[in-house]
1. Taking 7 Å along the Cα-to-C-beta vector as the label spot, tell me the D198-N74 distance in nanometres, rounded to one decimal.
2. Identify all aspartates and glutamates with a Cα-Cα distance to K93 below 16 Å; exclude those on the same chain that are fewer than 8 residues away in sequence.
3. Mind ordering 154-161, 112-119 by average Cβ neighbours within 10 Å, highest first?
4. Quick check: residue separation of E54 and K13 times 0.36 nm, minus the Cα distance between them. What number comes out in nm?
5. Between V146 and residues 5 or more places away or on another chain, which pairs have amide H atoms under 5 Å apart, with H built 1.01 Å from N, and which residues are they?
6. When ligands, DNA and RNA are left out and all protein chains stay put, how many square angstrom of accessible area per residue does the chain have with a 1.4 Å probe?
7. Would you pull out the residues with amide H under 5 Å of T197's amide H, same chain only if 5 or more places away, H placed 1.01 Å from N?
8. Is the shape of the chain best called rounded, prolate or oblate, per the rule: a/c under 1.5 gives rounded, else a/b larger than b/c gives prolate, else oblate, with a ≥ b ≥ c the square roots of the Cα gyration tensor eigenvalues?
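The values are calculated or read from the model by the stated rules, or taken from the named source; none is laboratory data. From a predicted model like this one, the values you see are computed outputs, not experimental measurements. Note that we place each Cβ from the backbone using ideal geometry, even for glycine, and neighbour counts take in every protein chain shown. Heavy atoms of the whole protein, side chains included, go into the accessibility calculation; ligands, DNA and RNA do not. Shrake-Rupley method; radii C 1.70, N 1.55, O 1.52, S 1.80 Å.
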Amino acid sequence: MNTIAENITKIRKTLTENVQLVAVSKLKSNSDIMQTYKLGQRIFGENYVQEICEKQKQLPKDIEWHFIGHLQTNKVKCIIPFIKCIHGIDSLKLLKEVNRQAEKHKKIIKCLLQFHIASEESKFGFSYDEAEEMLKSKDFSELKNVEICGVMGMASFTKNNTQIRNEFRNLAKYYKNLKENYFSNQQSFKEISMGMTDDYLIAIEEGSTMVRIGSGIFGPRNYNKK
Ligand SMILES: *Cc1c(COP(=O)(O)O)cnc(C)c1O
């Protein structure tokens, strides 16, 4: 098996200039994280609240922490003091809570709207209509401490690359429509977070600006540790 350093070096060579790498370090140790940190990696993605809070306390303070998974409203509070970007905004309720906590800390938190693009039922996220409904609402217009920087989505868990490509293409289309209709004056609305270890090359071809790669860098995860 390759080392973490070899993995990340290899992956970097496949990324185009406009694509940021979020190293997904969930269930991986601080020493694993530090191996990539030493090679200049600064953006790390996690999706368990308790784990990200512990790691944030222990690891260098110039790490940019991204929360990439489903976030429960009652757990927003713990991550706000340090979080840089929340990828999984999937309801107005959650966004309002992020705004409320961010306001307390006098911060503006970068957020991505998660869309349901996969064929599976279980994945979280807005439909395009639901997102529009939120963006048009008075409640949304009053949120001053969140900055919507783009969209995020996960493709179906399948070996059918055509299907994966179509799902990513859909997300890129949602991004483009939202940009034109709601964010044309907002420079920071520029991110499409899509692509994981098995599908990130397709995601880049379809316009991804942020790939979230875990096992491809750190090796397989042991979920029994949770
Ligand atoms: C775990 C996870 C990833 C990384 O998955 P890999 O297949 O290990 O690259 C990316 N995005 C989200 C939302 C995740 O939960």
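1. Taking the two extended label points, one gets 3.3 nm.
2. Result set, ordered by chain and number: E103, E130, E132, E133, D139, E142, E147.
3. On the way: 154-161: 16.5, 112-119: 22.5.
Those peptides, ordered most packed to least, come out 112-119, 154-161.
4. Details: separation 41, 0.36 × 41 = 14.76 nm, distance 3.11 nm.
Full extension from E54 to K13 adds 11.6 nm.
5. Correct list: I109.
6. 51
7. G214, S215, G216
8. Because a/c hits 1.5 or more and a/b fails to exceed b/c, the chain counts as oblate.
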